[in-house]
1. Taking only DSSP H segments of four or more residues, each worth -39500 (n - 2.57), what value at 222 nm results for the chain once the sum is divided by all its residues, to the nearest 500 deg cm²/dmol?
2. Hey, with R₀ at 41 Å, roughly what FRET efficiency would C16 and N202 work out to, going by the Cβ-Cβ distance, to 0.05?
3. Consider the candidate values (1) 23.7, 88; (2) 22.2, 67; (3) 26.9, 94; state which one is Rg and Dmax of the Cα atoms in Å computed from the structure displayed.
4. Rounded to whole Å, give me the distance from the Cα center of the range 211-285 to that of the range 67-125.
5. So if R0 is 35 Å, what FRET efficiency would N56 and V172 give, r being the distance between their Cβ atoms, rounded to the nearest 0.05?
6. What does the net charge come to around N129 if you take all other residues with beta carbon closer than 11 Å to its beta carbon, with K and R at +1 and D and E at -1?
7. On a full-extension model of 0.36 nm per residue, what is the gain between L220 and S267, subtracting their alpha-carbon distance, rounded to one decimal in nm?
8. Only bridges with both residues in the chain count here: give the DSSP antiparallel percent, nearest 5.
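Bear in mind that the values in this text are calculations on the coordinates, not laboratory data. Keep in mind that this is a model prediction, so the values were computed, not measured. Here the Cβ positions follow ideal geometry from the backbone for every residue, glycine too, while neighbour counts run over all protein chains shown.
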Amino acid sequence: MKVATRFSHSIPKLVCPEGQNGLLISTKYLNKILKIDVEAMTITVESGVTLKQLINEAAKANLVLPYGPYWWGLTIGGLMGTGAHGSTLWGKGSSVHDHVVELRIVTPAGPEDGYAKILSLTEEDEDLNAAKVSLGVLGVISQITLKLEPLFKRSITYLTKSDLDLGGQAAVFGQQHEFADIIWYPRQRKAVYRVDDRVPTNTSGSGIYDFIPFRSTPSLELAFIRSTEDFQESIGDANGKCLLAKGVMHALVATAYGLTNNGTIFSGFPVIGFQNHLQSFGSCLDGLKDAMLTSCPWDFRVKGEFFHQTTFTIGLSVVKNFIEDVQKLVELEPEGFCGVEIYNGILMRYVKASSAYLGKQEDAIDFDITYYRSKDPMTPRLYEDIIEEVEQLGIFKYGGLPHWGKNRNLAFEGVIKKYKNAGKFIKVKDAYDSQGLFSSEWTDQVLGLKEGLTISKDGCALEGLCICSQDNHCAPSKGYFCRPGKVYKEARVCTRL
């Protein structure tokens, strides 16, 4: 059995049930705000409530969730199950699960208990550290109580600078500004710093953030963009992709990524507004019923974006070295990063060490890298080797932790060994679901309980099912062969010769 949410699910096979009798449990109607305690500053919701719902309802009581993901289409249960987060090193950190004060979970049981148990976990219960980031393998999270804060205002300014000293700046920027993040455009040697802090609530400003890539887009426009990228890939048009990437960056910077000073126009920085209007976005969800006209760019019902997303967290202690290694790769193959810049560059968010057994192990930066994926799993990408090397650099050389709800299979190889409390998590899993009803072959492989996470076959490296060790893992008939990395020599990547 697996729990599915109403709008989306994880990129890897986290939500896939097993076999012919596999069962999906929908939280579509588990969508109620149960209680807002203004005095205690808490909100209790069912797990199918979306982040957008929570933000809006809390704001009516002059309360806000201080930190959270930027995409508001996530459900509270779903974002907890995968450890989703925003960006901060302040307070309890940017992971929503670290703001949980109570949680109710339904677990399997024997006939004497009616085949199910309802457990309520509070901050005094050690097991809460397992349930906070559960990957859905403990049971069904039904209710969650989160600690909120009084409604406050923020001031946002985007500064575009050279990325020459990005490694040094990245390590300290998150301490300087509460809601800091960085968007990195490696090919253009630019970094966009988000200077973002609280300001007094009487500060003038009614800013709203409607992030442009999360707005509804005409389906015909999406089809044209995808067809263009398919064509550029097919003929190896790196220059065309670089020109497109440059246009994307300039358009986003010129429009402040979708920030407005009054909900209508952008007239300049800083943009000042209430937290509930700036913290999260996703207006394209409002147009889902008319997908043939407009939709979210990645809506599978139309011809739109289809991508891989590699996301890993690098500890602050080594992040400077990682960034400098990537910059060495940029010097060797600058055009190899244009495909990433088409998808808004590399988003760098700050995350804090967590008490959750499968949460972040140290203060770190999360690197979000999105890039083109072919509909044909046997078709290699332009500059396939460059992003593969970045992926292996981050995850293996620098011990990066993959985001549980994103990434390709290879990112999870041996991942459980990176968590010091993995053994405690497995014990709780076995106690809560002794029959493994909420497990699957994939989750058992990720948790190190089964072999076979990476799959060795022709073309397996193209989709991240393996790290290539022989040429047929790439696409030799199309000129792509397995070779060492250019900077990280231990990497094995599919290189066009």
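1. -6500 deg cm²/dmol
2. 0.20
3. (2)
4. Centre-to-centre distance over Cα atoms comes out at 31 Å.
5. According to the calculation, E is roughly 0.50.
6. Counting the neighbours of N129, the net charge comes to -3.
7. 13.9 nm
8. Beta bridges within the chain, antiparallel portion: roughly 95 percent.
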